[in-house]
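Colleague: This structure is in structure tokens; I'll ask about it shortly.
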Amino acid sequence: NAGVTQTPKFRILKIGQSMTLQCTQDMNHNYMYWYRQDPGMGLKLIYYSVGAGITDKGEVPNGYNVSRSTTEDFPLRLELAAPSQTSVYFCAIISEGSGANVLTFGAGSRLTVL
Amino acid sequence: GNSVTQMEGPVTLSEEAFLTINCTYTATGYPSLFWYVQYPGEGLQLLLKATKADDKGSNKGFEATYRKETTSFHLEKGSVQVSDSAVYFCALSLYNQGGKLIFGQGTELSVKP
């Protein structure tokens, strides 16, 4: 997971609380992604960004917000946490020059909403 | 729409057994296909990929062939080891889609000594 750093690794929230999951990359890549992983469901794309100042919704954006003010950082914000947002969250970047859309993932952030 | 379907798990094998994990896809256009592996407590990492029909991706004894006629990308390994125990994800991406990957649901593999 070198190059993509996610914090925190674990967090427990109460319903209605807010928090930000941080994602930082040091490889100057333009494309960044947030996925959530639920058991038996694979990974679902929440939001993505193709460069600083540009973000777009993925498959499951409701309840989340993102920003991309710099190339390095792509934080994911939960404004009003709900139990349905209990999941493992992965940030990823494209490994450019790979000849295909190969993603490099962070180690993940496990979030529990009670 | 675009989607990926994987064989359901968990799959339990004895060491040195032959492994097949089935993956089929539906896509508008010509996708690139991937297998990612997730070891316990870690993020996903690329195992192998294929970018066009009849390409074979291979890595660490695993291989998969991009079969356009059957829209499949089955993962195989001739002799599994305990260290191969992990969750395996099949995925596709389409050109000019912002690099987004569409994942299958994952197949958990457990290899017993």
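The values are calculated or read from the model by the stated rules, or taken from the named source; none is laboratory data. Just so it is clear, the model here is predicted, and its values are computed rather than measured. Cβ atoms come from the backbone with ideal geometry, glycine included; neighbour counts cover every protein chain shown. These area figures cover heavy atoms from the full protein model, side chains too; ligands, DNA and RNA do not enter into them. Shrake-Rupley method; radii C 1.70, N 1.55, O 1.52, S 1.80 Å.
Colleague: Give the number of residues within the range B:97-106 that are touching a residue at least 40 places away in the same chain (Cβ under 8 Å) and either closer than 15 Å to B:A50 by Cα or surrounded by 21 or more Cβ atoms within 10 Å (Cβ to Cβ) (or both). Explain how you work it out, then say what you get.
Modeller: Of the range B:97-106, the ones touching a residue at least 40 places away in the same chain (Cβ under 8 Å) are B:101-106.
Remaining after also requiring either closer than 15 Å to B:A50 by Cα or surrounded by 21 or more Cβ atoms within 10 Å (Cβ to Cβ) (or both): B:101-104, B:106.
So the answer is 5.
Colleague: Give the number of residues within the range B:31-60 that are exposed (fewer than 13 other Cβ atoms within 10 Å of the Cβ) and under 18 Å from B:K100 (Cα atoms). Working first, answer last.
Modeller: So in the range B:31-60, the residues exposed (fewer than 13 other Cβ atoms within 10 Å of the Cβ) come out as B:40-41, B:52-54, B:56, B:60.
From the residues that got through so far, the ones that are under 18 Å from B:K100 (Cα atoms) too are B:52.
Counting residues in the range B:31-60 that are exposed (fewer than 13 other Cβ atoms within 10 Å of the Cβ) and under 18 Å from B:K100 (Cα atoms) gives 1.
Colleague: Let me ask another. Evaluate the range A:55-69: report whether one residue or more is within 23 Å of B:Q45 (Cβ to Cβ), surrounded by 14 or more Cβ atoms within 10 Å (Cβ to Cβ) and of a type in the set (S, T, N, Q).
Modeller: For the range A:55-69, residues within 23 Å of B:Q45 (Cβ to Cβ), surrounded by 14 or more Cβ atoms within 10 Å (Cβ to Cβ) and of a type in the set (S, T, N, Q): absent.
Colleague: Let me ask something else. Condition (residue is buried (at least 21 other Cβ atoms within 10 Å of the Cβ), modelled with pLDDT of 95 or more and of a type in the set (G, A, S)) applied to the range A:18-26: is it met by at least one residue?
Modeller: No - not one qualifying residue is present in the range A:18-26.
Colleague: If you check B:L94, B:L109, which single one turns out to be aliphatic (A, V, I, L, M), within 13 Å of another protein chain (Cβ to nearest Cβ) and either touching a Pro at 6+ places or on another chain (Cβ under 9 Å) or open to solvent by less than 30 Å² (accessible area, probe 1.4 Å) (or both)?
Modeller: B:L94
Colleague: Working only within the range B:30-62, note down all residues that are farther than 21 Å from B:S110 by Cβ, part of a strand (DSSP E or B) and more than 11 Å from chain A (Cβ to nearest Cβ).
Modeller: B:K56, B:S58
Colleague: Just a yes or no: is a residue in the range A:21-31 among the aromatic types (F, W, Y), at the interface with chain B (Cβ under 8 Å from one of its Cβ atoms), in a loop (DSSP other than H, G, I, E, B) and closer than 16 Å to B:I102 by Cα? Reasoning before the result, please.
Modeller: From the range A:21-31, those among the aromatic types (F, W, Y) are A:31; that's our starting set.
Now drop any that are not at the interface with chain B (Cβ under 8 Å from one of its Cβ atoms), which leaves A:31.
From what is left, the residues that are in a loop (DSSP other than H, G, I, E, B) are A:31.
The next check asks that each one be closer than 16 Å to B:I102 by Cα; those that pass are A:31.
Scanning the range A:21-31 turns up at least one residue that is among the aromatic types (F, W, Y), at the interface with chain B (Cβ under 8 Å from one of its Cβ atoms), in a loop (DSSP other than H, G, I, E, B) and closer than 16 Å to B:I102 by Cα.
Colleague: Considering only the range A:27-43, how many residues are on the phi < 0 side of the Ramachandran plot and either at pLDDT 95 or above or open to solvent by less than 40 Å² (accessible area, probe 1.4 Å) (or both)? Give the steps one after another, and end with the answer.
Modeller: As a first pass, look at the range A:27-43 and keep what is on the phi < 0 side of the Ramachandran plot: A:27, A:29-39, A:41, A:43.
Adding the requirement that they be either at pLDDT 95 or above or open to solvent by less than 40 Å² (accessible area, probe 1.4 Å) (or both) leaves A:29, A:32-38, A:43.
Matching residues across the range A:27-43 total 9.
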